[in-house]
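The block underneath contains the structure these notes are about, expressed in structure tokens.
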Amino acid sequence: MDSLHSGLKAKSFDKKGKTIEARYCYSTGKLATKGCPKTAVAVYIPGTVPEHCPSHGGGGTPATSGTTSAATTTPAA
């Protein structure tokens, strides 16, 4: 996706309702841990947040991100 979006301006969108913004592991798609070498941010609907990445260690310790439109949270595994 990086090459697809290269040269484009970043855009934001209105977060309506209850959503969870969290970092995910770029290679596994699971929630990022401190051991994940490359991460990105995604927005999830409550109940759809994936489990923590099992591939890069970190013992399920979340990477530093995790907010909702209403409050700050660390999504549970």
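The values are calculated or read from the model by the stated rules, or taken from the named source; none is laboratory data. Note that the structure is predicted; figures quoted are calculated from it, not measured. With ideal geometry, Cβ positions are generated from the backbone for all residues, glycine too; neighbour counts draw on all protein chains shown.
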Of the residues in the range 12-32, those that are among the small types (Gly, Ala, Ser) and closer than 20 Å to PRO54 by Cα come to ALA22, SER27, GLY29, ALA32
Inside the range 1-56, the number of residues satisfying the requirement of being of a type outside the set (A, V, I, L, M), touching a Leu at 6+ places or on another chain (Cβ under 9 Å) and assigned to a loop (DSSP other than H, G, I, E, B) is 3
In the range 37-73, residues that are modelled with pLDDT under 80 and closer than 10 Å to CYS25 by Cα total 1
